[in-house]
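Heads up, the thing below is written out as structure tokens.
Each reported figure results from applying straightforward, stated rules to the coordinates on display, with no laboratory input. These numbers come from a predicted model, not from an experiment. Positions of Cβ are backbone-derived with ideal geometry, glycine not excepted, and every protein chain shown enters the neighbour counts.
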Amino acid sequence: MKNEQVIMEQLDHLGQEIATLTDSARALRELRDDLSPRVNETVKVLIEQLAEMEADVQFEDLTALLKNLMRNVRNLGWSVDQLKNLIDFLRTVEPLLKSAVPQAIIYLDKLERQGVFRVVASMMGVLEKIAETYTPEDIEQIENGLVPLVGVAKKLTTPEALNLLDKAAEVPARVDLSQAKAVGPFGMLFALGNSEVKQGMGVVLELTKALSLLKNGEGTEESEA
């Protein structure tokens, strides 16, 4: 009886193992059935893509590429190191960029609101018109003449020159040409009795003396002699 009981237990255990194997085989069969269409579609797409690439990519090309990669392993390593250095640099400057970029945007917005960019655009338009109107030779001549003009402008910015120009600018507003009349010699003599005419004649004489500088300094030297 004991042997029969042992045999029955072993048969039950074997039956359980066979049932487990059957379930596993059934699950694998179902998985295979589910994956087979997907695998077939993937293989079909892969074959189509390879067929399209066949005219452009040959096995010899892949072999040459592999050889080049093997020959340039050091260069690839150096490139990777440089890329790592670049990444480290970007990580270092990232905090600075986070603070500098907003400041730059604010500054550019300020320039935009002040009309600086519009002025620059207008200046570029003026330069384009100058380039269309004048030849490079004319521009070179103008360039050579700008240096002396800067010297003249420097002289005109002295306090004495600015004071004289400021007073001279007020003269047209005080002159009424509608009241001007023809004056003969006797009228001029009579006008010399006017104090304003006397002062004006004095100014004219001083300006006349200064005009002697137009003779390359000869008038100044003669007056000093």
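Taking other C-beta atoms within 10 angstrom as a stand-in for reagent exposure, Tyr107, Tyr134 fall in the order Tyr107, Tyr134, fewest first.
Modelled this way, with points 7 Å down the Cα-to-C-beta line, the labels at Thr133 and Val203 are 3.4 nm from one another.
Spin-label model, Leu149 to Leu90: label points 7 Å out along the Cα-to-beta-carbon direction sit 4.9 nm apart. Each of (i) 12.7; (ii) 42.2; (iii) 17.8 is a candidate for mean projected area of the Cα convex hull in nm²; the one calculated from this structure is (ii). Among Lys155/Lys181; Lys181/Lys215; Lys181/Lys209; Lys154/Lys181, which pairs are too far apart, with a Cα-Cα distance over 32 Å? Pairs exceeding the cut-off: Lys155/Lys181; Lys181/Lys215; Lys154/Lys181.
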